[in-house]
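Some notes on the structure that comes next.
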């Protein structure tokens with residue numbers, strides 16, 4: 001009995017001093033689940049979204065960090081336009097909503113990717129370590145709404161931090177220019 005107790009205590013001690021979960025798949029592209037809805041019109045540049053049960057990420061977290069539009073539709077669309085360009089990911093089913101185009105300064109590869117929470121308000125939580133090419137940055141503020149698993153810092157690709165002064169909101173992907181293929 002004493003040897004079992006020592007094994008359990010040893011394992012707990014080891015876990016207490018090991019770093020958080022491995023940062024596997026960080027930076028991989030992801031398509032947020034919202035994009036599988038035909039009525040979803042896209043994300044707004046002013047918002048941050050953390051999808052914490054993403055099946056498209058090994059880390060199970062798809063981060064949308066100040067991104068406009070839909071990952072699956074870079075040029076956007078107006079619902080009354082002929083030849084709808086937006087379809088549900090992986091299908092030919094059309095999107096029925098107006099979708100703004102992605103911005104040239106905040107393309108999906110720089111603003112929507114798999115991430116993990118590397119710091120936060122809960123000192124007892126397990127946090128990941130950011131891999132090379134990423135840094136731990138505050139992304140989701142703590143509004144004290146009782147959702148302690150979301151606020152905190154996430155691994156951001158170096159150089160992809162949102163800086164409002166560097167984003168030209170009028171410089172968008174346009175089909176005529178084919179500037180987002």
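Laboratory data are not the source of any read-out in this text; all were calculated from the coordinates shown. Fair warning: this is a prediction, and the values are worked out from it, not measured in the lab. Cβ sites come from the backbone with ideal geometry, for glycine too, and all protein chains shown count toward neighbours.
General observations
- Considering the stretch 50-73, and only residues there that are surrounded by fewer than 16 Cβ atoms within 10 Å (Cβ to Cβ) and touching a helix residue (DSSP H, G or I) at 6+ places or on another chain (Cβ under 9 Å), the residue that is farthest from residue 142 (Cα to Cα) turns out to be 55.
- Enumeration of residues in the stretch 62-77 that are touching a strand residue (DSSP E or B) at 6+ places or on another chain (Cβ under 6 Å) and assigned to a loop (DSSP other than H, G, I, E, B): 67, 68, 71, 76
- Any hit, the stretch 130-145, residues being surrounded by 14 or more Cβ atoms within 10 Å (Cβ to Cβ) and on the phi > 0 side of the Ramachandran plot: no
- Within the stretch 97-126, the set of residues being surrounded by 15 or more Cβ atoms within 10 Å (Cβ to Cβ) and over 24 Å from residue 170 (Cα atoms) comprises 114, 115, 116, 117, 118, 119, 120.
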